[in-house]
1. To the nearest 0.05, what FRET efficiency results for T72 and K145 with a Förster distance of 35 Å applied to their C-beta separation?
2. Just subtract the alpha-carbon distance of E106 and S138 from 0.36 nm times their residue separation and send over the number in nm, one decimal.
Amino acid sequence: MSDQLSIITLLLQNERGLAELYSAYSQIFENRDFWANLSKDEESHSQFLIALYENPDVPPIDQDVIDVRKFTNIAEEIEHDILKAPTTTLQNALARAIYYEEVVLERNVFDLFATKNSSSILKVIERLRDETNEHRESLIQELAKYN
């Protein structure tokens, strides 16, 4: 598996894991629509990543920009939280979701694609970054309602 494929596969695994986690939360907590919408957005992010990978204009990803092990650990944490979802509190679910969204932003995941790309690719990247930031902000606001 190429480096680019392995990185995008990990990012895709994380997005799909978050979609599954948020979907699980939508079945448990009273703010079902909130979680369902987040889950839908994460699935959409998965599709963007697939499109990026399949786009021949996307240059190879520089492995020095990202520590793949950190994203492997995040995928494991998400899987663990999916298993714990039925027994977690709403406040904990919101805190964990904020953590996951911040990890993506703080590790500058989208910068992997930000160099030497066409404006159409950069628009997709910017949308992913903006939506991730919006997720974080909406999760923080939602948590404030319950604290």
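1. 0.55
2. Computed gain between E106 and S138 is 9.8 nm.
No value in this document is a laboratory result; all are computed from the given coordinates. No experiment lies behind these values; they were computed from the predicted model shown. Note that we place each Cβ from the backbone using ideal geometry, even for glycine, and neighbour counts take in every protein chain shown.
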